Structures are given as C-alpha cells and as structure tokens.
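Structure first, commentary second.
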Amino acid sequence: MVRVRFAPSPTGELHVGGARTALFNWLFARKMGGSFILRIEDTDVERSSKIYERSIMESLKWCGLLWDEGPDVGGNHGPYRQSERVKEGLYRSYAERLVESRQAYYAIYDPEDREKQIGISDTYPEREIQHGCSVTVKFRIPKGGYTEFNDILRGRIRFENSSLEDFVILKSNGFPTYNFAVVVDDHLMGISHVIRGEDHISNTPKQILLYEAFSWEIPEYLHLPLILGNDRTPLSKRHGATSVEYFRSKGFLSTALMNYLALLGWNVGEEEQIFLIDDVIERFEPHDLSNKNVIFDHQKLEWVNGKHLRMLAREQVRDAFKDFLAYTGRKEYLEKVEMDDFAEDVIEICRQKVNTLEQLADFAYPFFFDDYEYENNYVEKYLQDEKAGVIISEALKLFENLKDWTVEGVEKVVRGLPEHLEISKKKVFQTLRGAVMGRLVTPGLFETISVLGKKRVLERLRRTMKMVEG
Ligand code: GLU
C-alpha cells in the first residue's frame, strides 16, 4: 500500500518547490491507489504561524492537491498537526523509550547558559532540574561504521557515522526536533515512500539511525532535485516572488501551474509539454524523475499558461477568471461585471490573445467598461486624421441599418468600407477599432464589433464622433 505525505512547515507561503514536492507525492498516491497525507510540521513554535498554515492549505486546494485523510473537521479532513501530537505526549514517550534502551540520554545544561551542556544522564535528572538546569533528550550516534540508504533516483548514499554527532531529539520545552518527529510520524502514519527535496539528504542518515534504534521498517526515499533560478542558484526570494499565491494573483491557472511544475523533473514522454495532470496520472513513475537540477523559467510557465487558457473549456476559463477577480479583489470588475453570455463571449475572443488572466482582465477592459480611454497613439495617428470623421460617420450609417451582427455580417459591412471611401484598409480598420475600443491592440475587429453588439457599437461610434467634431 503506497502512503505518502507532504509535510510543510508553516513558516511561509507555499513555494513552487513545495508545490512540486506535493504534486509528485500526490501523483504517486493517485497512480497507485494509495493515500496522500498532509502533515503540518509546526514544532518550531517561534517560526510557525496559523496564517501560513491556512495559506498553504488554501494553495494546495487551489492546485487541486487534496489530501485523503486526517482528523475530522466538520465533515472534511483536517491536516495532521505535530503541535497537536505534542500535546498527546506522543514524542516524549518515544524519546523515553530510546533513553530506556540507552540509545538516547538526557543532556543537562548550565542554568546560566542554556547553550552550554554540563553533563549527561541515563535517568531523568530530577535534581538538576530543581536547580534550574534545562534538559534535552539526545540521540546517541553509534560509534564507528556507516549508515546508508537507497534513494530511488540516486542509488545508495552512504554517510560515515563519525561524520555525525549526537543530536537533540526532544527539546527542553518538550517539543521534538524535526528529525525525530518526522521519523515517529512517518512510522505511525505508515508512510511507505518519502518524497521530498534534496536539501533533506543530509538529514536522512540521522533518520535512518532512529528507525534502526526503534527496529522500525525504513521507508523508500526519493529526493527531488533542486529548482534553480536563471542564474543557476537555488530558487529563492532573490529571484522574485515564487509562491503559489503569487502566481495565482498574477492570473496563472492552477492546471497550467501543475503542468509546468510536473515538467520540472518529469519527462512525461514523447516530448509532450502541454497536458492536464489528471490525464497523465497513469504514466507517473517515480523512477522516471530526473535527478538533475532544473531551472524555473517564468517565460515558459507563461507560455504553458497561455496554452491552457486556450485549451480549457469556455466555462472553465470563465470560472478561473471569476476566481482570479475575487482573489485579487478587482473592484471594478466585481462591482460592475456580470459573468453572463456577453462576458463569456468577450473572454472567448480575448483568451486567444493573452497568456494570463491578469492580461485578460486588462485586455478585456474596454469591452466591459464604457469609460475606456483613448490611447494617445490612437488619437494622434487616427483620430486627428482628417479622414476620421468620414470613416466613423459612414460606419455609423451602415451599422444603424445592419441586422446581421454575426462576425460574418459585420465583416461584410466593414470590408466594403475602404473601397467605398477610397481610403486605405489599414486606416479604416484602425480608426474603427480605436473608435469602439480606445486602443489599437484588440481581438479581431469583426469579432470585436460583433461581440460588442449593436447598442454598444452605435453608442461608442457616436461618442467618438463627438470628439472628432470637437
Ligand atoms: N517539514 C519539512 C520541510 O518543510 C519536511 C521535510 C520532509 O519531508 O521530511 O522541509
């Protein structure tokens, strides 16, 4: 039975590296009919926050990476939280077991200097504690020999035990350290495969030694390669924002983000670049992952996003757009735009030309809002041209009588204009485009006019005409 987990520490938003780790765990669970578990590793009391915990969970949900089990909270699965398990005395009891078998001991610290270890004891140092000493539990590294483990992508990795030092497993405040809690929890939760970032390779020998001390079965390990920025240093804040929340707020689609993250280390096959995650679950095979570092390429992500924006069904894009507007609090849209048939038509023609929902919101603006402004380059180049008046007034006349507002109907009328007026096609088209949209980069002119519809087009042409007449 495959049981995997994603175990974020709630000390920041969900980073794309974390999201990729969660994705590969999730894919493996789905492929194998196993379970994907979310465990919040919040034992670092100072650095952990509920705000980050909530934001990580919200991001995972948005990504579609739902976890399969956890304590019941109002009919849903909550995550497992190490802080709650601390309260149950769980880690302390396991630490004490190791003390009993002499594989761990109490370390005693100077009351004046809590960093300074002044002694050790195999029994609970009651007296020293009364004298104000603080106490931790430390794991005893076996003398000599080596510790090794197998990594699915890297083969056997060996560490000399002499390179390791006894380490704290239970802190003086009773909280477990990461290396200890992770082993106790992975064991108790029946985790079969540990899939995580390669930054944890150096922790693994300590964890293996703990498994051995308890005589517990050791899970399989797979350490994912690093994600680097353009300058080939590990992706971090220096490379700009990298959280899932950030990409959501910039108008990326969750399907595209998952697609792109999957490409960071997984060659899905046949040069395939664009897919929906649900469609490739069956092909997921951990051994196929790469152990080479990968570069996070914003431009490629945007390209993938554009592909998804055009590939998804009309309603999906509409819903994603709605989510984007609500998430980013785009007031003008939220207050004035209804997601009706007109909106869907607008989205449909605009999505052909943009790569993100943020670009879509800007690109579609003049469709939804009559108060669009006329760009300077339009005003200078076309509106101030001596032919502007005749082009717009002629178009007005034709559109007032037009019954067929399909793209073809509009096309027929507009195409006849240049010849009829003996004015270049470019000048006629651009003058009309700017007259109804205020700008020169829009979806195709005939589609734009057709989608705007008779009422809006006439109003806009009349208003522009007034400007021409001064
Ligand atoms: N809490 C650890 C982290 O966020 C989890 C590491 C692991 O998966 O073992 O890096």
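Take a quick pass over segment 207-353 and tell me how many lysine pairs come in under 14 angstrom between Cα atoms, counting only ones 8 or more apart or on separate chains.
On the way: LYS250/LYS322; LYS307/LYS353; LYS322/LYS331; LYS322/LYS336.
The number of close lysine pairs in segment 207-353 is 4.
When you restrict to C-alpha pairs under 8 Å that are six or more residues apart and normalise by the size of segment 244-402, the relative contact order lands at 25 percent.
Could you rank LYS300, LYS307 by how accessible they are, 1.4 Å probe, largest area first? Walk me through the numbers on the way to the answer.
Values: LYS300 65, LYS307 90 Å².
From most exposed to least exposed: LYS307, LYS300.
For the pair segment 260-303 / segment 175-243, the C-alpha centres are spaced 21 Å from each other. Which angle from 0 to 90°, rounded to the nearest 10, does the C-alpha axis of helix 50-63 make with the longest principal axis of the chain? Its long axis makes an angle of about 60 degrees.
FRET efficiency for the pair GLN299 and GLU126, taken as 1/(1 + (r/R0)^6) with r the Cβ-Cβ distance and R0 = 41 Å, rounds to 0.05. Each stretch of four or more DSSP H residues adds -39500 (n - 2.57); spread over every residue of the chain, this sum gives -14500 deg cm²/dmol at 222 nm. A full extension of the chain between SER424 and GLU46 corresponds to an added length of 129.1 nm, given 0.36 nm per residue minus the alpha carbon distance.
Computed extension length for ARG283-LYS322: 10.8 nm, one decimal, from 0.36 nm per residue of separation with the Cα-Cα distance subtracted. For ARG5, the solvent-accessible surface computed with a 1.4 Å probe is close to 10 Å², ligands and nucleic acids excluded. To the nearest ten degrees, helix 254-263 and the longest principal axis of the Cα atoms of the chain are 60 degrees apart. Excluding ligands, DNA and RNA, the accessible surface per residue across segment 126-281 is 43 Å² with a 1.4 Å probe.
Restricting to Cα pairs below 8 Å that are 6+ residues apart, what does the relative contact order work out to for the chain? Please round to a whole percent. Present the calculation step by step, with values, prior to reporting the outcome.
Numbers: 687 pairs, mean separation 55.3, N = 470.
Dividing the mean separation by the residue count of the chain yields 12 percent.
Sorting MET437, MET465 by accessible area puts them as MET465, MET437; the probe is 1.4 Å, largest comes first, and only protein heavy atoms count. With only Cα atoms counted, the chain has Rg and Dmax values of 30.9, 104 Å. Using a probe of 1.4 Å, the accessible surface attributed to ILE201 totals some 30 Å² when neighbouring protein chains are kept in position. Which angle between 0 and 90 degrees, to the nearest 10, do you get for helix 357-368 versus the longest principal axis of the chain when only C-alpha atoms count? Orientation of helix 357-368: about 30 degrees from the principal axis.
Site-free segments of the chain were taken between GluC sites (Glu not before Pro) in DSSP loops having at most 14 other Cβ atoms within 10 Å, sites themselves excluded; the longest one is 273-337.
Just the protein heavy atoms count here, and of the accessible area of the chain at 1.4 Å, carbon and sulfur take up 47 percent. Each residue was assigned an accessible area with a 1.4 Å probe, and for HIS298 the value is about 80 Å².
Ranking TYR372, TYR327 by solvent-accessible area of protein heavy atoms (1.4 Å probe, all protein chains present), from largest to smallest, gives TYR327, TYR372.
The values are calculated or read from the model by the stated rules, or taken from the named source; none is laboratory data. Keep in mind the model is a prediction, meaning the values are calculated, not measured. Here the Cβ is made from the backbone with ideal geometry for all residues, glycine too, and neighbour counts use every protein chain on show. Just the protein is used for accessible areas: all its heavy atoms, side chains included, with ligands, DNA and RNA removed. Shrake-Rupley method; radii C 1.70, N 1.55, O 1.52, S 1.80 Å.
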